[in-house]
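Visitor: Structure provided below as structure tokens; questions to follow.
The values are calculated or read from the model by the stated rules, or taken from the named source; none is laboratory data. Keep in mind that what you see is a predicted model, and the values were worked out from it rather than measured. Cβ sites come from the backbone with ideal geometry, for glycine too, and all protein chains shown count toward neighbours.
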Amino acid sequence: MTDQLPRDVDRYLEGLFTPLDPALEHALAASDAGGLPAIAVSPTQGKFLHLLARMAGARRILELGTLGGYSTIWLARALPPDGRLVSLELSAHHAEVARGNLRAAGVGERCEVIVGPALASLASLETLRTRGAAPFDFVFIDADKGNYPAYLTGCLALARPGTVIVADNVVRRGAVLDAASPDANVQGARAFNAQLAADARLDATVLQLVGTKGHDGMAIAIVRA
Ligand code: SAH
Ligand code: DHB
Ligand code: MG
């Protein structure tokens, strides 16, 4: 990354708003030791997700893409004591590392990591929903980008009016501008953004982000009444 300034600014903001936190540091170190890629949200992004979930008054949170549980810890800390978080993860190894990190952070009791393709897990959750399970108040989509359009559809079936939906990595260093991109991640982000904009059930926008993760963006949406 040639652009150092956004990184320096992120460090400055981290110094102000995300002081070193042993549980979060442990989650990143254990993820690294377990061979997981270093692609968790940044500290200021984690804090942002945490604040959004609290602002939404979330009692039930759904996450797609657990990795080592870094974003999961930020989100779980937004829950009231009796709140629940369900996180969907394809990799059994990632899930195992994440469960250890969630326990170490003291939020293991309120979190459940479900292993498998998120689309299959969403289908199971939808069955539970039709049998009377409560909807989710807050959703964070951060798994494989090619499936984002299908994830949005699946998550809407688990939502209620007022549910907040956030999705990571929808700008991809500007690669979303390329309609002819052969990259499935780019095509997934493009289709997701278009669907988010067009779905009459949603009010949404996308914010570009710069910082320690380079140039990307997060989508934010609310399900209409
Ligand atoms: N939310 C995490 C980062 C997630 S990285 C954080 O910010 O801390 C994306 C994760 O999605 C990886 O762990 C990857 O294994 C997982 N993933 C990839 N394909 C998936 C699929 N089909 N279903 C569920 N998870 C998937
Ligand atoms: C990458 C970044 C992410 O935030 C993510 O969820 C997946 C991959 C990356 O930089 O490769
Ligand atoms: Mg991400």
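Visitor: Restricting the stretch 173-225 to residues that are of a type in the set (K, R) and touching a residue at least 24 places away in the same chain (Cβ under 8 Å), which is nearest to ligand 1 (Cβ to nearest atom)? If you could, list the steps in order and put the result at the bottom.
Guide: Residues of the stretch 173-225 that are of a type in the set (K, R), as a first pass: 173, 190, 201, 213, 224.
Now restrict to residues that are touching a residue at least 24 places away in the same chain (Cβ under 8 Å): 173, 201, 213, 224.
Numbers: R173: 17, R201: 24, K213: 10, R224: 26 Å.
Checking each candidate, the answer is K213.
Visitor: Applying the selection to the stretch 202-225, what residues are surrounded by 17 or more Cβ atoms within 10 Å (Cβ to Cβ), more than 15 Å from ligand 2 (Cβ to nearest atom) and more than 15 Å from L52 (Cβ to Cβ)?
Guide: L202, the sole residue that qualifies.
Visitor: Test T44 against the criterion of being closer than 20 Å to C155 by Cβ and among the hydroxyl-bearing types (S, T, Y), and give yes or no.
Guide: Details: closer than 20 Å to C155 by Cβ: no; among the hydroxyl-bearing types (S, T, Y): yes.
When the stated conditions are applied, T44 does not pass them.
Visitor: Confirm whether D137 is closer than 23 Å to G83 by Cα and acidic (D, E).
Guide: Details: closer than 23 Å to G83 by Cα: yes; acidic (D, E): yes.
Yes, satisfied.
Visitor: Working only within the stretch 114-146, note down all residues that are buried (at least 20 other Cβ atoms within 10 Å of the Cβ) and within 16 Å of ligand 2 (Cβ to nearest atom).
Guide: If the condition is that a residue be buried (at least 20 other Cβ atoms within 10 Å of the Cβ) and within 16 Å of ligand 2 (Cβ to nearest atom), then A118, V139, F140, I141, D142, A143, K145 are the ones that fit.
Visitor: Restricting the first residue to the stretch 67-85 and requiring it to be under 18 Å from L158 (Cβ atoms), which pairs with a second residue that is of a type in the set (F, W, Y) and within 16 Å of ligand 2 (Cβ to nearest atom) meet a Cβ separation below 8 Å and a spacing of at least six or different chains?
Guide: Listed pairs, sorted by first residue: L75/F140.
Visitor: Moving on. From the list A30, A23, A56, A98, exactly one residue is touching a Cys at 6+ places or on another chain (Cβ under 9 Å) and not hydroxyl-bearing (S, T, Y). Which is it? Let's see the steps before the verdict.
Guide: Values: A30 fails: touching a Cys at 6+ places or on another chain (Cβ under 9 Å); A23 fails: touching a Cys at 6+ places or on another chain (Cβ under 9 Å); A56 fails: touching a Cys at 6+ places or on another chain (Cβ under 9 Å).
Exactly one of A30, A23, A56, A98 is touching a Cys at 6+ places or on another chain (Cβ under 9 Å) and not hydroxyl-bearing (S, T, Y), namely A98.
Visitor: The conditions are (1) among the hydrophobic types (A, V, I, L, M, F, W, C); (2) within 16 Å of ligand 1 (Cβ to nearest atom); (3) in a helix (DSSP H, G or I); (4) touching a strand residue (DSSP E or B) at 6+ places or on another chain (Cβ under 9 Å), and V166 fails exactly one of them. Which is it?
Guide: So the condition that V166 fails would be (3).
Visitor: How about the stretch 7-47: which of its residues are part of a helix (DSSP H, G or I), without any contact (Cβ under 8 Å) to a residue 24 or more places away in the chain and under 22 Å from A104 (Cα atoms)?
Guide: Answer for the stretch 7-47, where residues must be part of a helix (DSSP H, G or I), without any contact (Cβ under 8 Å) to a residue 24 or more places away in the chain and under 22 Å from A104 (Cα atoms): P22, E25, A29, D32, A33.
Visitor: Would you be able to tell me the number of residues in the stretch 157-183 that are over 22 Å from L119 (Cα atoms) and within 16 Å of ligand 3 (Cβ to nearest atom)?
Guide: Result for the stretch 157-183: 5.
Visitor: Let me ask you something else. Does T163 satisfy the criteria of being within 21 Å of H50 (Cα to Cα) and at pLDDT 95 or above? Give the derivation first.
Guide: Working: within 21 Å of H50 (Cα to Cα): yes; at pLDDT 95 or above: yes.
Criteria met by T163.
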